[in-house]
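These notes are about the structure you will find just below.
FYI, it's all coordinate maths here, none of it is from the lab. Bear in mind the structure is a predicted one, so any value in this text is a computation, not a measurement. Positions of Cβ are backbone-derived with ideal geometry, glycine not excepted, and every protein chain shown enters the neighbour counts.
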Amino acid sequence: MARSTLGTVGIALAALIVLSMLGTIGAVHDWLPSTLSGAPIELLSTTQLSDYVPSLLTAIAVAALLVWLSVVGSADARSELAFKPGSRSS
């Protein structure tokens, strides 16, 4: 995991580039959360809500995974900073 702001920005930028490249593949496009960005306009014209179920499920799953990773990551960071009996502080 990234431990600095620059590292976090780099990981986010790489993820956006990879997602946009995956979006060019027709079969994968419907599953990407970025499909939801045009949903409000398209729902008013030609599509149905059921057309966006795959991307909604992907967005929910990714959000849950990211929350879990942040909780696990913060627990690891706290355990690294916690005082351990018997260790010397410098």
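So how long is each side of the range 26-81 along the principal axes, counting just the alpha-carbon atoms, biggest first, in Å?
Principal-axis extents of the Cα atoms in the range 26-81, largest first: 54, 22, 14 Å.
So how many Å³ per residue does the convex hull of the Cα atoms of the range 8-56 work out to?
Cα-based convex hull of the range 8-56, divided per residue, equals 81 Å³.
Net charge around D51, counting only other residues with Cβ within less than 9 Å of its Cβ (Lys, Arg = +1; Asp, Glu = -1)?
-2
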